[in-house]
Amino acid sequence: MGKEYEVDSQFIKKYHIDELINNFAFVSGLYSTLLDINGNILVEPSGPTPFLGVFYEMVNNPLYKEKYSKIVNFILDSKQAMYFEGDGVNNESRYAATPLFVNGRFYATWILYAHNKTQNQKLFKSFEKLDSMGEALSEIITTIYNASVNNEREESIKTELEFERQSKIVIEDILRTVSQGSVKELLGLYDQVGNLLDVDYIVFYKFNKRHPGRMRLVDYWAKGGKSKEAEKAFAWNSDRYEPELQNKIRNEGLVIDKTNMTNKLRVHVFNGNVRAIMVYPIVVSDVYIGRLIFIESTKERIWSSVEKRFAKELSDILVKNILINNRIGKVSGNSHVIREVFEGIPAMIMVRKNDNGKILYANKTFRAMVGDGIVGTDSYRFLPKVSDEYAGYEEKQEKKKPVEYKRFIQLLGGNYDVIEHHIEWQQDIDASIVILKPEIDK
């Protein structure tokens, strides 16, 4: 999401700066080009046809690069245009060079060249104005650059906010589906996850207990649908990661993309089939049992911070459901199954009775925050009844839709986003699952 802008040849073409420089060459009857600090061409040489080839060969000649480095040093020290003799092609050739800056930082040199006496007279007359023209062009490029960066940042922020909004919906759907025990609905959510992250595969591996060091494919999602070809691409039977990477996965997860992918990883670990990957550990009841892997095999990419957070949260939810799908399918409203899923989720979750607010269950994250004694107490003392906080709750409840609102919770010492789902607890208790997340300032 987003990219770092650079004032390069693509930037210059995109905003038609090259046309401005080329048009000056056309009007003045001189030869013109724009070179970066290393002498690489940013704007193709232009000017009158007769000696354009000569000028082009000059700026590409390795000997000219040596002279150009001296020119750069001079104009950087003086921050002024420089007028000097040619390179011996003929006695009448002359050059002029002026530095261009973006936000006060040197990035290119505007070169003007005169091949013969007539052109040299034009260049000599233009030289007096070259400093002011360079300043004006620097100001134009700086203004365009800053506007481009700001627009890019705004688009990036909008994209991230929209991703967070959609990821929140997916997580809520998953939690609701788990609480209701619908296997069919749960499997349908894989498409939402894969499409939102725009990945090719989501794969879950477990360690093979009978053969240490070996992996077993449990389940996967593929953008093009399940197939033998897709399964063959990632059906590993051994742990290909080096010990250092294995430890990293176990402790914090492994995120590899365009910024840190190496040929060794691509070839020896991923068989050349992966462009970017996120690997997160699956821990159930404090036991490291496997990994959830998000694979991009089509294009180069850089994972954003919101994508990484979403994938990590999914690793704490989706795979636990894969492990308990059979039991969920057989037992509706099984609180034991729901507890097993919610224990590893990083958000604070509690289940409370709808008639009196009694807390029936609080997950590990919630208990770590307020203490184990919270179970059995009255939740209404710190989080009032949702129908008192949210108009139209009964209608939402009938349609089994989640209710969302914000509240300052004194017990937790801050503002929280509250999501509440109506469920049936232990098959006969009218209850709600309450998810609490600290409100994040945007």
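The values are calculated or read from the model by the stated rules, or taken from the named source; none is laboratory data. All figures in this text were calculated on a predicted structure; none of them were measured in a lab. We place every Cβ from the backbone using ideal geometry, glycine too, and count neighbours over all the protein chains shown.
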For segment 102-137, how many residues meet the condition of being in a loop (DSSP other than H, G, I, E, B) and either surrounded by fewer than 16 Cβ atoms within 10 Å (Cβ to Cβ) or not assigned by TED's automatic domain parsing to the domain that holds residue 58 (or both)?
3
Keeping to segment 102-137, report how many residues are farther than 28 Å from residue 51 by Cβ and not aromatic (Phe, Trp, Tyr).
5
Sole exception among (1) modelled with pLDDT of 70 or more; (2) over 20 Å from the mean Cα position of the chain (by Cα); (3) hydrophobic (A, V, I, L, M, F, W, C) for residue 197, by number:
(2)
Condition first: over 16 Å from residue 220 (Cβ atoms), charged (D, E, K, R) and at pLDDT 85 or above. Now tell me which residues in segment 262-308 satisfy that.
275, 299, 300, 301, 307, 308
Looking only at segment 130-145, count how many residues are without any contact (Cβ under 8 Å) to a residue 40 or more places away in the chain, farther than 11 Å from residue 80 by Cα and not aliphatic (A, V, I, L, M).
3
Under the condition of being at pLDDT 85 or above and assigned to a loop (DSSP other than H, G, I, E, B), which residue from segment 49-65 is surrounded by the most Cβ atoms within 10 Å (Cβ to Cβ)?
51
Test for residue 226: is it more than 19 Å from residue 280 (Cα to Cα) and either modelled with pLDDT under 70 or part of a helix (DSSP H, G or I) (or both)
no
Residue match in segment 319-331 (condition: out of contact with any His (no Cβ under 6 Å at 6 or more places or on another chain) and either at pLDDT 85 or above or of a type in the set (Ser, Thr, Tyr) (or both)):
no
Quick one: which helices (runs of 4 or more DSSP H) lie wholly within segment 338-405 and hold at least 3 residues that are modelled with pLDDT under 85?
386-389, 393-398
Pairs needed: first member in segment 408-422, more than 14 Å from residue 434 (Cα to Cα); second member anywhere, assigned to a strand (DSSP E or B) and among the basic types (Lys, Arg); C-beta distance under 7 Å; at least 6 residues apart or different chains.
415/406
Restricting attention to segment 26-61, which residues are touching a residue at least 60 places away in the same chain (Cβ under 8 Å) and of a type in the set (Gly, Ala, Ser)?
28, 29, 32, 47
